[in-house]
Amino acid sequence: MLRLSVCIEALFNKLPYPERIKKSAELGAPAFEFWGWSNKNLDEIKKAKDESGIELATFSCEVGSPLVQPGNREKIIDGTKRSIEAARKMDCKRLLVTTGNEIAGVSRAEQHKSIVEYLKAVAGWCEDAGIILNLEPLNILVNHKGYYLYTSAEGFEIIDEVGSPNVKLLYDIYHQQITEGNLIATIEANIAKIGHFHMADVPGRHEPTTGEINYGNVFKKIAELNYDGFVGMEFWPIRPDEEAVKLTLGLAASVS
């Protein structure tokens with residue numbers, strides 16, 4: 001069955017974090033997720049998680065320096081180690097990481113190499129901890145102008161070069177629809193390299209049924225591929241938050 005995760009940075013974001021978690025559980029979501037961890041009270045989040053019986057799907061690996069920047073490996077490795085410890089504390093098995101913006105005057109080949117070298121350097125710690133580190137491409141046409149990694153093709157190439165079962169791609173359906181489309185074929189060809197999904201409709205980054213993506217078909221394909229991770233609801237809905245979450249959970253259940 002397709003498992004969805006509520007991004008509590010986007011949804012129920014007028015509530016305190018523990019209440020966002022409880023609301024997600026009350027609606028029947030099996031998991032929740034958030035972005036950065038060092039600015040949050042992890043003890044109260046874990047308490048709300050445990051009391052609600054809901055999983056923590058993922059949060060951000062705070063690396064402290066852009067992955068594209070050559071020469072900052074020790075700082076990045078230290079940030080990754082601390083993030084892994086935070087994940088262990090929270091019983092979380094997945095972290096997400098971003099590359100940072102493209103650096104002017106440094107070739108893309110050199111920045112690509114820096115990303116690969118960093119991921120290779122931390123892959124062993126992820127393997128030992130049983131944590132999957134998911135690298136996220138973002139679109140540069142609408143939301144993240146200047147970001148280095150925007151195509152899934154280069155993302156999967158990086159994953160192949162790293163060569164660790166614990167380093168995968170975060171495939172954001174919203175971002176990749178804007179960047180390149182061809183969603184179902186790309187997902188099907190690369191499902192073994194995908195450790196987490198994010199979703200929102202295009203345009204507007206709202207809930208399913210508001211835009212051009214046929215999420216019924218996308219969800220059906222992901223379910224058919226026996227994907228065992230989570231699909232994160234990272235959208236800002238037109239409907240009330242509760243209604244949008246129910247709609248998305250129902251859509252996923254109907255095709256699983």
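The values are calculated or read from the model by the stated rules, or taken from the named source; none is laboratory data. Just so it is clear, the model here is predicted, and its values are computed rather than measured. Ideal geometry is used to build each Cβ from the backbone, glycine not excepted, and the neighbour counts take in all protein chains shown.
Values as computed for the structure displayed
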read-out: Any hit, segment 198-212, residues being among the aliphatic types (A, V, I, L, M), within 25 Å of C92 (Cα to Cα), in contact with a strand residue (DSSP E or B) (Cβ under 7 Å, 6 or more places away or on another chain) and in contact (Cβ under 8 Å) with a residue 60 or more places away in the chain; value: no
read-out: Matching residues, segment 158-193, being surrounded by fewer than 21 Cβ atoms within 10 Å (Cβ to Cβ), under 28 Å from G105 (Cβ atoms) and either without any contact (Cβ under 8 Å) to a residue 40 or more places away in the chain or among the hydroxyl-bearing types (S, T, Y) (or both); value: D160, I178, T179, E180
read-out: Residue in segment 163-179 that is of a type in the set (A, V, I, L, M, F, W, C), part of a strand (DSSP E or B) and in contact with a helix residue (DSSP H, G or I) (Cβ under 7 Å, 6 or more places away or on another chain) present; value: yes
read-out: Out of K22, K40, K49, sole residue that is farther than 17 Å from E234 by Cα and in contact with a Leu (Cβ under 8 Å, 6 or more places away or on another chain); value: K49
read-out: Yes/no for A25 being aliphatic (A, V, I, L, M), under 21 Å from the mean Cα position of the chain (by Cα) and over 21 Å from V162 (Cα atoms); value: yes
read-out: Cβ pairs under 6 Å, 6+ apart, first in segment 215-241 and more than 19 Å from L11 (Cα to Cα) and assigned to a loop (DSSP other than H, G, I, E, B), second modelled with pLDDT of 95 or more and not hydrophobic (A, V, I, L, M, F, W, C); value: G229/G195; G229/H196
read-out: Conditions (1) part of a loop (DSSP other than H, G, I, E, B); (2) closer than 22 Å to F156 by Cα; number of the one not met by F197; value: (1)
read-out: Looking only at segment 9-52, and only at residues there that are assigned to a helix (DSSP H, G or I) and either of a type in the set (A, V, I, L, M) or at pLDDT below 95 (or both), the one that is surrounded by the most Cβ atoms within 10 Å (Cβ to Cβ); value: I21
read-out: In segment 139-156, the residues that are over 16 Å from N182 (Cβ atoms) and surrounded by fewer than 22 Cβ atoms within 10 Å (Cβ to Cβ); value: I140, V142, N143, H144, K145, G146, Y147
read-out: Residue list for segment 102-134, restricted to those being outside any helix (DSSP H, G or I) and exposed (fewer than 15 other Cβ atoms within 10 Å of the Cβ); value: A104, G105, V106, S107, G130
